[in-house]
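Worksheet: one structure, shown below.
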2 protein chains.
Amino acid sequence: MGDAAVLERAAPRRRDADATRAAILEAAKAQFARSGYDHTGLRDIAAAAGCDVALIKRYFGGKEGLFTEALKASFHPDRLKAWDRATFPRDVAAMMAGSPHAAEAQTQSFQFLLRAATSPTTAPLLNVAVQERFLAPIGEWLGGDEAAARARVLAAVFIGFLVERLIREAPLTGREREVFVERAAATFETVLK
Amino acid sequence: MGDAAVLERAAPRRRDADATRAAILEAAKAQFARSGYDHTGLRDIAAAAGCDVALIKRYFGGKEGLFTEALKASFHPDRLKAWDRATFPRDVAAMMAGSPHAAEAQTQSFQFLLRAATSPTTAPLLNVAVQERFLAPIGEWLGGDEAAARARVLAAVFIGFLVERLIREAPLTGREREVFVERAAATFETVLK
DNA sequence: ACGGCATGTCAATCACTGTTGACTTAAGCT
DNA sequence: AGCTTAAGTCAACAGTGATTGACATGCCGT
């Protein structure tokens, strides 16, 4: 088994600070998104990145530093611009109807944000991030004078569906799923209107 | 100061298992709502309840048991029935526009819910509670065949606004507040329709 | 009054986690 | 090749928090 483990790692990664740093960051993004700030151990991240815990301190200063950087790296508001305002309601509604585990990559950054919402350590960081990287872009996307307030509403609804999906246990199926998507789409429609 | 502390507690509570249990539960509800599951220490709860940590184990089995019970005790779906379906959208919208700290008592149970949503330990417990004590009553309130799916949507939107308010930093004022309330009300209107 | 049991207290244990400094090893340059 | 330095490893530390069992004490029935 030890041999297998060694074999799996074709190239044990020649000493490369940048690559290691990137690996840590990637692992951190995934772990933080999956388990939240509190339930993510630095040892887990290090193991996933294939390196030692001490390197996290060296490269990121500590857990909070790593989190902050992962937060920045995890959020790509550019993706917002790719959304088509016409199909947005139904697309998002369908996404929200999916299982919490499926399409995790799509929503990793949001899960990330969400899981950060309840830790006192991360709440302040989150607030800034949401403002800069969520509300502002959404407001811009919406346009108009009342963009700020309307962005808040959109953000609220968006987050709400994320949470609902997060705590949902049994997947939505059949008629229930249809109705859910339909109503959710109608809701987003109203928000955008 | 020691004297003062003693004096504050007029009756150090004669030995009464029920009263102690209730005190613990009350303290737990407040603490869990304020700080979430992870950041609430049993010692804090015990201190607030004026007893020893070990009693928590005796009466509730452990932290998780205490949480489960606090979750049940914290939820009062009866309040739903008091809501008037006609004025619901605007009432709720106005409530959501309020400051996160004001009217904390009103929303303690929801804070509680919210803080539990993002912890892996409590998410399953929460799921059951939400299903039984939130979705079911809402579904009943909404009525109709598609009540279940529509209840999910309402719950999602509701929770979303709660979160938004929770992480909001500056209070909403003036025109922004007006627009927010208006848009939020319209959203709830759509959900109920 | 007194003995037994419920109630409450105390301190130790155990597991976990972030942090840290000393140590080892590989890479790259002269 | 040999040396220097960055890159990576290791083990220990310190703080925390839940859990636990042994112990003390007040209450109630006899």
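Structure data summary
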| item | result |
| --- | --- |
| Only one of B:ALA156, B:ALA149 that is facing another protein chain (nearest Cβ under 8 Å), free of Cβ contacts under 8 Å to residues at least 40 places away in the same chain and within 29 Å of A:TYR37 (Cβ to Cβ) | B:ALA156 |
| Counted residues, region B:26-54 - those being in contact (Cβ under 8 Å) with a residue 12 or more places away in the chain, surrounded by fewer than 15 Cβ atoms within 10 Å (Cβ to Cβ) and near DNA strand D (Cβ under 8 Å from one of its atoms) | 0 |
| Residue selected from region B:168-184 under the condition part of a helix (DSSP H, G or I) and surrounded by fewer than 19 Cβ atoms within 10 Å (Cβ to Cβ), by the criterion nearest to the other protein chains (Cβ to nearest Cβ) | B:GLU176 |
| Selection status of A:PHE110, surrounded by 18 or more Cβ atoms within 10 Å (Cβ to Cβ), at pLDDT below 90 and over 26 Å from B:ALA149 (Cα atoms) | no |
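Yes or no, residue by residue, for (1) open to solvent by 10 Å² or more (accessible area, probe 1.4 Å); (2) of a type in the set (Asp, Glu):
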{"site": "B:THR118", "(1), (2)": "yes, no"}
{"site": "B:LEU126", "(1), (2)": "no, no"}
{"site": "B:ASP145", "(1), (2)": "yes, yes"}
{"site": "B:ARG150", "(1), (2)": "yes, no"}
{"site": "B:ALA155", "(1), (2)": "no, no"}
{"site": "B:PHE161", "(1), (2)": "no, no"}
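The values are calculated or read from the model by the stated rules, or taken from the named source; none is laboratory data. What you see is a predicted model, and the numbers here were worked out from it, not measured in a lab. So basically every Cβ, Gly included, is an ideal-geometry build from the backbone, and we count neighbours across all protein chains shown. Note: areas computed on protein heavy atoms with side chains; ligands, DNA, RNA excluded. Shrake-Rupley method; radii C 1.70, N 1.55, O 1.52, S 1.80 Å.
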